[in-house]
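K.L.:
The structure is given below, and queries will be raised subsequently.
The values are calculated or read from the model by the stated rules, or taken from the named source; none is laboratory data. Here the structure is a predicted model, which means the values were calculated and not measured. Cβ placement follows ideal geometry from the backbone for every residue including glycine, while neighbour counts extend to all protein chains displayed.
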């Protein structure tokens, strides 16, 4: 191992789902203690902490966890970056270790979302008794629902539909079939919030949220946390053979935002920044998409999964529909995607998601994924999108 | 006739209602909001340009679940108006997949949003099918 390589020494995720008796600190602590134990290290070994949480971003979750697990005085970076929050926390640890400021770093992400409804566009402001222009559009009344939609299921519905307009081949049923795949995958994942198989008829017949996304085609709000210990190659060489054997190489760690494109302030462009992140990540890792054994990508909605096949270059440009229809992305296909069940069934506790997907990939590379193990997996990719936008891509490789 | 005010400042009312954008004098990028600078090139000078009132639906969704007070279902869309993307609802059309389609030709239309305490009408906009 090269001295300046980055490795995951320990990693853990809590079960996703309803945790009414545990607060954010409890969940985060469980994930952090799990990751530390997995890596055979303690809080005293951590030189930096990246702490991710979105909904309580002002609360200083990093220091709250330190106050339970160990106040060692090291720098904490509390980060909030929409649905890319967890990946951003991981990037903080990676950057600190890569720069040499720390030889080991901790990243964690946590969220409590059980029972949350719409996370954007969930309420409408009171109208004032007299029309008074305000805000950046000089609006005299709330515009959600009057000039397009702010709700995420609707925004991502349009993102999938736009792909259909550009390349053809999409339909309500096609998007529902993607959801059918992920719900089917979830039956093998004991950590998933929902692990029930759903038929195409059940999915299409469920409550419509924003056409073509019905409820099971939307990411599941739930509670959960995930944490990872990042270590430099130089430090890893000084650790035990057992630690070295279970370590997973971070072959690429990338975060991008969306460069300006003509329509990006009208409908968020989740494509360009994902493609940019993927290109950078493949270059860092020195691999191509065909080298991947599994992919965990950001299926916040079934309509989103389709476009990311293309954005991550898992298929030919414009070929995502044919690629999915070929069966490639099922767990027994040539490019298994979201074998965890994805955000639609595993769940999407926002701050945790960008580390939990890394845990999923790392667990397969270690050969420890149990019933859902992708046999012989050596390289995998984890992707998240935070609307606004931020994209995190991590490529992991099995230790040689 | 009651006094009228546009729902947003980029909607121009009158005999021929239309939208206006802030166009960057440097690179031509168009924006509908108040600007500090151009997100594409960073320049700070803009001119007002009128946007085509006809276009093509590039993406849509039919929202069935929304905040209390937001009538559903409604069709939210992105419309390509002569090369400028515009966000707006599709109106004067049944909000179902049988009546709304990708690539559908539409034109700008206005509608009354409501009337305030002083009797002023707020006028919003959407896009309706052409020749439908």
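K.L.:
Looking only at segment A:209-228, decide whether some residue is within 14 Å of another protein chain (Cβ to nearest Cβ), closer than 22 Å to residue A:358 by Cβ and within 15 Å of the chain's Cα centre (by Cα).
P.N.:
Yes, segment A:209-228 contains at least one residue that is within 14 Å of another protein chain (Cβ to nearest Cβ), closer than 22 Å to residue A:358 by Cβ and within 15 Å of the chain's Cα centre (by Cα).
K.L.:
So which residues in segment A:55-91 are over 17 Å from residue A:357 (Cβ atoms) and part of a helix (DSSP H, G or I)?
P.N.:
Matches in segment A:55-91: A:57, A:58, A:59, A:61, A:62, A:63, A:64, A:65, A:66, A:67, A:68, A:69.
K.L.:
So which residues in segment A:159-177 are over 20 Å from residue A:219 (Cβ atoms) and either facing chain B (nearest Cβ under 7 Å) or under 23 Å from the mean Cα position of the chain (by Cα) (or both), if there are any at all?
P.N.:
The answer is A:164, A:165.
K.L.:
Identify the residue in segment A:120-158 that is touching a helix residue (DSSP H, G or I) at 6+ places or on another chain (Cβ under 6 Å) and more than 7 Å from every other protein chain (Cβ to nearest Cβ) and, among all such residues, is surrounded by the fewest Cβ atoms within 10 Å (Cβ to Cβ).
P.N.:
By that ranking, first place goes to A:120.
K.L.:
Here is a list: A:210, A:220, A:277, A:226. Which entry is modelled with pLDDT under 95 and farther than 14 Å from residue A:7 by Cβ?
P.N.:
A:220
K.L.:
With respect to the numbered conditions (1) at the interface with chain A (Cβ under 7 Å from one of its Cβ atoms); (2) crowded, with 16+ Cβ neighbours inside 10 Å, which one is the sole condition not fulfilled by residue B:110?
P.N.:
With (1) at the interface with chain A (Cβ under 7 Å from one of its Cβ atoms); (2) crowded, with 16+ Cβ neighbours inside 10 Å applied to residue B:110, the lone miss is (1).
K.L.:
If I go through segment B:62-80 residue by residue, how many of them are part of a loop (DSSP other than H, G, I, E, B) and under 11 Å from residue A:154 (Cα atoms)?
P.N.:
Going through segment B:62-80 one residue at a time, the tally reaches 3.
K.L.:
Select from segment B:116-132 the residues that are within 9 Å of chain A (Cβ to nearest Cβ) and in contact (Cβ under 8 Å) with a residue 12 or more places away in the chain and write down the one among them that is farthest from residue A:127 (Cα to Cα).
P.N.:
B:126
K.L.:
Condition first: touching a residue at least 40 places away in the same chain (Cβ under 8 Å) and in contact with a helix residue (DSSP H, G or I) (Cβ under 7 Å, 6 or more places away or on another chain). Now tell me which residues in segment A:357-371 satisfy that.
P.N.:
A:358, A:366, listed by residue number.
K.L.:
Let me ask another. I'm told residue B:39 meets every condition in (1) in a loop (DSSP other than H, G, I, E, B); (2) in contact (Cβ under 8 Å) with a residue 12 or more places away in the chain except one. Can you identify the failing condition by its number?
P.N.:
The number of the failed condition is (2).
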